[in-house]
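The values are calculated or read from the model by the stated rules, or taken from the named source; none is laboratory data. Fair warning: this is a prediction, and the values are worked out from it, not measured in the lab. For neighbour counting, all protein chains shown are included, and Cβ atoms are generated from backbone atoms with ideal geometry for every residue, glycine included.
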Amino acid sequence: MKITKLLISKSNYSIIICFLMFFVSALINNKIEKPILNLSKQDTALNVDTTIYQLFSAGQKRLITDLLWISTLLESDLDHYSKPDLNSWMYHRFKSITTLDPKFEDAYQFGGRYLYIVKDDILGGKDILENGVKNYPNNYFINFDLGFLNTFELQDYQSGFLYFDKIKDHPFAPTNIKSILVKIKFSLDQNLEDTFQLVLDIYNKESNESIKYKLFRELYAIKAMIDLNCLNTSNNPNKNCSMSDYEGAPYLYNGKNYQAAKNYKEFKLHLNKKSKSTK
């Protein structure tokens, strides 16, 4: 009997101690601020080598491609990836998708644009788009994005010109596409006289008044740049240089140099401020 009471007494003590320990742990858990662990999708994404997908697809490449496409869209993030190493998790996903299904047009079109615009993964976007244009050489959106990316992000004007030139007559092409082409050509050869003739030819053939107005301002700027360079560097400006602007107004002399009668915007490509050459 005494032994039974002793055992019950010890059992009660054990229960009380357990409750006390539980209470203390709960109190500590509420009082102590736990560190927040934030891991980016770049650190947690699971990417499988495309070769593995190909080996184990068992004739179900289209099914695997669709699953990868859906999961990528659902998991997509907005974190920038600017390392020039083609190691963005989304780049690997789009690369796998387009390798498994080279005719997945939307993957090139959406994937390339998402990478270089949203993710800031310039090289990743360029690679996906270049593979896309091999399979869809006449796709307007892929060609436009490659033209934009090469011209304004990489300052590769020669490549940018080729892609823009392919879509200049497409119904979706921006109204100023031909003006952009002229500016790219000018950036390549820096020949203002030839550039003036090109813009003048476009101006004379254009019927849209808004576009003509824009082209007129560009003609004014180009002529002013040619004339003022001549006037301010020539030993005898009155002999060789034009003395009036594109509207017929005379250039003004302020005692040191000549200037146009009205303000104008220098004719050149106006690049994206965040653009940087990676060549």
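Condition check ((1) loosely packed, with under 11 Cβ neighbours inside 10 Å; (2) assigned to a helix (DSSP H, G or I); (3) modelled with pLDDT of 85 or more) across all residues:
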site	(1), (2), (3)
His170	no, no, yes
Ala173	no, no, yes
Ser179	no, yes, yes
Asn204	yes, yes, yes
Ala221	no, yes, yes
Glu266	yes, no, yes
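Of the residues in the range 131-154, none is within 10 Å of the chain's Cα centre (by Cα), assigned by TED's automatic domain parsing to the domain that holds Lys83 and in contact (Cβ under 8 Å) with a residue 12 or more places away in the chain. Considering the range 57-101, the residues that are of a type in the set (Gly, Ala, Ser) and farther than 16 Å from Gly125 by Cα include one that is surrounded by the fewest Cβ atoms within 10 Å (Cβ to Cβ), namely Gly59. On the stretch given as the range 98-127, residues that are within 14 Å of Tyr81 (Cα to Cα) and part of a loop (DSSP other than H, G, I, E, B) total 3.
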